[in-house]
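Here's the structure we're looking at; comments come further down.
All of the numbers you see were taken from the coordinates with simple rules; none came from a lab. Computed from a predicted model, the values in this text were never measured in an experiment. Here Cβ is always computed from backbone atoms with ideal geometry, including for glycine, and neighbour counts include all displayed protein chains.
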Amino acid sequence: MTSPVRITAAAGTHVGRVRRRNEDSYYLGEFLVAVADGLGGHVAGDLASSTAIEALKPYDREVDPADLADTLGEAVASADRALRRKVREQPESAGMGTTMVALLRSGTAAVVANVGDSRVYLMRDGSLARITEDHTYRFLVAAADAIPELPGRLARFLDGRKDGRSPDLTAVSLSPGDRVLLCTDGLSSYVPEPVIRDALRSAASPEQATEALISGTLDRGAPDNVTVLVLEARAERHIRPSLGGFEPSPRSPR
């Protein structure tokens, strides 16, 4: 039987050293966490990411482990519908979009959702594994690297269109000692994975890991907004139902 775990978590975001506006948003809840990156160069990227994150909040609840995937899939669909409604309310925002990664858990069971090129990593026993795949043309089109500007262009993201943007859903089982990282490409595009691994492995707490990862991006010039959210699973000897097994340590989203 898997040991019960207690989850601690921290998150932070930074506008970076080049951008004037932070288009990232995040949510750090009891059972649900998420990161969204409004698309740079599109209309109202910050509005898109914040609208999508706001729509997730009603899904921050404990559900049966067997229902995690369906619930998280519906949460992402709700975020996409919220974008569609926002465009109807504010026609000037037409064309906005956002990436999203989210994790919904119940005890040691969790499901990760991904749309776009924000990422989720799992560090276990000192090793780092990426558990999401970027939805960029590099992974979909043969010889995409030979076409200027195509490889990193997003093939899938949330934009509220009626044809929908379904997420990839991945089941994860949390074990004591695991650390899970959700981040925008403001981190993953500029900080090498060995550096990410070392920061997650050496930090004394999720908050220190968050600070180290954001500092690492700033040290490299941070040309993009960067958002980092770190969860840690610890062995729990005494379950505390009043806390739901969760001890958040959030940082200011702006």
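Where does each of LYS86, LYS57, LYS162 land when they are ranked from fewest to most other beta-carbon atoms within 10 angstrom?
Fewest-to-most ranking of LYS86, LYS57, LYS162: LYS162, LYS57, LYS86.
When a footprinting reagent is the concern and you count Cβ atoms within 10 Å, what order do ARG88, ARG156 take, fewest first?
Ranking ARG88, ARG156 by Cβ neighbours within 10 Å, fewest first, gives ARG88, ARG156.
Highest mean first, how do 68-74, 221-227 rank when packing is the count of other Cβ atoms within 10 Å averaged over residues?
221-227, 68-74
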